[in-house]
1. Within 14 Å of another protein chain (Cβ to nearest Cβ) and open to solvent by less than 40 Å² (accessible area, probe 1.4 Å), is that true of A:Leu448?
2. Residue by residue through the stretch A:62-85, note down the ones that are part of a strand (DSSP E or B) and among the small types (Gly, Ala, Ser).
3. Quick check, is A:Lys424 in contact with a strand residue (DSSP E or B) (Cβ under 9 Å, 6 or more places away or on another chain) and away from chain B (no Cβ under 14 Å)?
4. If a residue must be charged (D, E, K, R), at pLDDT 90 or above and open to solvent by less than 30 Å² (accessible area, probe 1.4 Å), how many such residues does the stretch A:131-177 contain?
5. Do the conditions hold for A:Glu268, that is, is it within 10 Å of another protein chain (Cβ to nearest Cβ), of a type outside the set (S, T, N, Q) and closer than 30 Å to A:Ser169 by Cα?
6. Any chance the stretch A:178-186 includes a residue that's at pLDDT below 95, open to solvent by 10 Å² or more (accessible area, probe 1.4 Å), assigned by TED's automatic domain parsing to the domain that holds A:Leu286 and over 15 Å from A:Ile7 (Cα atoms)?
7. In this structure, is B:Leu194 away from chain A (no Cβ under 13 Å) and part of a loop (DSSP other than H, G, I, E, B)?
8. Could you check B:Cys130 against (1) in contact with a helix residue (DSSP H, G or I) (Cβ under 8 Å, 6 or more places away or on another chain); (2) more than 13 Å from chain A (Cβ to nearest Cβ) and say which number it fails?
Number of protein chains: 2
Amino acid sequence: MTDLTPILKPKSVVIIGASRTPGKVGHIILQNYLNEGYDGKIYLVNKNAEEILGIKSYKRVTDIKGGIDLAVIAIPAEGVPMVLEDCGKTKVKSAIVVSGGFAEVGNVDLQNQIVEIAKRYKIAMIGPNCLGVVDPRSRVNTLFLPSYKLSKPQVGGVSFVAQSGAVGSTVLDLIAGEGFGLSKFISYGNAEDLDEVDILEYLMNDPETKVIIMYIEGIKRGKEFIKLARKITKVKPVVVLKAGRTEAGSNAAHSHTAALAGSYEANEAVFQQFGFTIANDLSELLYYAKIFESEGAPKGNRIAIVTNGGGAGVLTTDAIASSRFIKLGEFSASTNSALQKTMPTLVNIRNPLDLAGDADDKRYGDALAALSSDPQIDMIIVIILFQTPGADSRLASEVVGLKENTDKPMIAISIGAEYTEMHKIMMERSGLPVYDSPRAAALALEALFRYYSYRNHKG
Amino acid sequence: MTDLTPILKPKSVVIIGASRTPGKVGHIILQNYLNEGYDGKIYLVNKNAEEILGIKSYKRVTDIKGGIDLAVIAIPAEGVPMVLEDCGKTKVKSAIVVSGGFAEVGNVDLQNQIVEIAKRYKIAMIGPNCLGVVDPRSRVNTLFLPSYKLSKPQVGGVSFVAQSGAVGSTVLDLIAGEGFGLSKFISYGNAEDLDEVDILEYLMNDPETKVIIMYIEGIKRGKEFIKLARKITKVKPVVVLKAGRTEAGSNAAHSHTAALAGSYEANEAVFQQFGFTIANDLSELLYYAKIFESEGAPKGNRIAIVTNGGGAGVLTTDAIASSRFIKLGEFSASTNSALQKTMPTLVNIRNPLDLAGDADDKRYGDALAALSSDPQIDMIIVIILFQTPGADSRLASEVVGLKENTDKPMIAISIGAEYTEMHKIMMERSGLPVYDSPRAAALALEALFRYYSYRNHKG
């Protein structure tokens, strides 16, 4: 197994192509290291500078004394072989080649040349033609994107592996708007040395990673991938968005990353067989990341719905009843009698449980307390429409508190603009995953149930 | 046809149950009228008050001299028959009964009684048990929800008809976060006098309404509905979200609004046959509202994709190729040669057209100019990932400008957090619909094509 630690947790890094010019890739990367508060040693290489942003700059890597874990290479393609040789001679452990201009534009020879150098010197290399990595714990960030364009994710348990740089940064930006956090982001581009198999293998054993989500256009080493696929989903959930599902999409993918997308059916069969969660678009990638980061195994597939909007309860019932894998549960006798005692008469005791538009923290609290201990209910959906009179921050706190005290998976649905968004973030950061549609919530619980069924029964 | 003008554009309104107590329904409604800047005459009825918020209050409606277009009734259910009698005697033209406590809680007799009164006096009545109406042009807003909980939609061409109050206010809140605007919102609750057939008939002839979106749980007058369905989609697009599609959902709907949801298949067959656009969840309701408010008939189903993110281009290709109704077009020879002249060599001239991560306003401008005049392209999707270096406000303006000068439907996909959101709003308010996923964009264009095919071929 290739150790990615020097790449993700480097004690020292050299930025080759560091630049004095704001806006240039080599400047943005250096700024990232400084802004994030990276506390390892930073070296710079730039032929024409003595120092950049107060840090001494060397002419060549070979001029640097002291071991280097990671080289970030951001110079024109033609120059990469030489500096990579220098890295090899200086015993640099790993490299991220962000530079483009290799196989993706037809320069196959140049690409082969750098792969040969990396292998000869045993440099673990990511790229070329990639965005590199983000690890908010080690404060490593090689993304050469203006920071104002990209919101910053929190620290968390989701690791995201992306073949495409642009999709990668887009999803990273989306993650920032969610209540869950990032463990690692790895954009691996042309994947000429380290590829998805190496990266997944590392993340499988990474204690900071609770769930892996990936965007891929093609798989290079099919056999090795299948071997790994067999093991990895026994350890943690893996969500995959495979682009190029259709013939037209597959052709487009080939033009994009020269990836042989392969038959989607064949790919999908492998993913299904080995318990991967398949996302059909970027939104689903996030739905699944969110549920797996937060929730553990449900005992079964029976769901209770609690709502302060009757219509939203009906739509959520439809979404669950449309699934082949999950269903609405029937409340146990003790739940029914507990609810009969605590609910006002206008509340019809049935699943979905419509608490009515004036439901407040007390009514939600009573209902959720009963359902949390119901042996016939395995998972709970709490719909809170914050437009209604009784829904406020106190209700949100009450639900979050109950969530902390139940071992059943519990998620919320809240739909709306500013006032809702504020409460959504508040609930998510307190550990309650919130979805913005019945469809999204049903997809998430279905995925949770299916993954843990696979893991428990095929273990 | 029932004229809803007195309800939506009343020259005078009486609020029965107007209250001095902040937070009470009768207070919130009065405040809405004042805050929105309603410029008709406002009368108040409250037995125990002389004046409320500076407006004189009457003991009974019969004490008021001067014609009244609309009575908004917000008093306990038992009192409604008497005040409705009073309204009849005073020749009030229409009424919105927001009060609950009728058929939905078993008080069928009381409900029958008020319907009889409304019919006897020819009062056009909406409700009972409803949120009422919003018309941003006439500044009428009977929603009794705290205004800080609900963002305010812009004025526009989308009319929204909702059986459920909570779903209604939730969608209204969502609309506020979008770049399109509202014509009318009508929440009609128990629908005992005016129902969906009356409301749709009015909106069909309403010049301020460009597209109708509706949330329904059941249809009461099947025959009349079908008769209207035959006509209405020849005039304007109608999008329908029918809750209770599954057996479980249908049972839940019955418990919610006492609606007989009917067989979903039967309903869906009617919707399909008469060219309704069927939404499967609340998000889709918005996708379709947005496209129909902004775009007209496409000439065909051939789509061009322009992108600054290769992966997003592949995902969008997949989404379109998965549709039975729309497809990627092939660029004409003249487009190919125009692009060969203007694009840098790294841009592969094919559909999807990947302009690369450094694409700026100039490159997008050249590409879109060529595609706008391509006779083999009917609709255009512009993907702008704002995380990339070349994407900024200038690019957004350039694309909006090109959109104004093409007669082909054109939409954008932009995915991301704050920086993206800002540009999304900017583009939408300038007339370019923006979607947040390839799936949403493909669904929207498919719906646009299908609707206009129906309308043109069955005309």
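The values are calculated or read from the model by the stated rules, or taken from the named source; none is laboratory data. Bear in mind the structure is a predicted one, so any value in this text is a computation, not a measurement. Neighbour counts run over all protein chains shown; Cβ positions are idealised from the backbone, glycine included. Ligands, DNA and RNA are stripped out before the accessible areas are found, and what is left, the full protein with its side chains, is counted by its heavy atoms. Shrake-Rupley method; radii C 1.70, N 1.55, O 1.52, S 1.80 Å.
1. no
2. Correct list: A:Ala71 only.
3. no
4. Number of matching residues: 2.
5. no
6. Within the stretch A:178-186 (the criterion being at pLDDT below 95, open to solvent by 10 Å² or more (accessible area, probe 1.4 Å), assigned by TED's automatic domain parsing to the domain that holds A:Leu286 and over 15 Å from A:Ile7 (Cα atoms)), the answer is yes, since at least one residue qualifies.
7. Taking the combined requirement at face value, the residue satisfies it.
8. (2) is the only condition that B:Cys130 fails.
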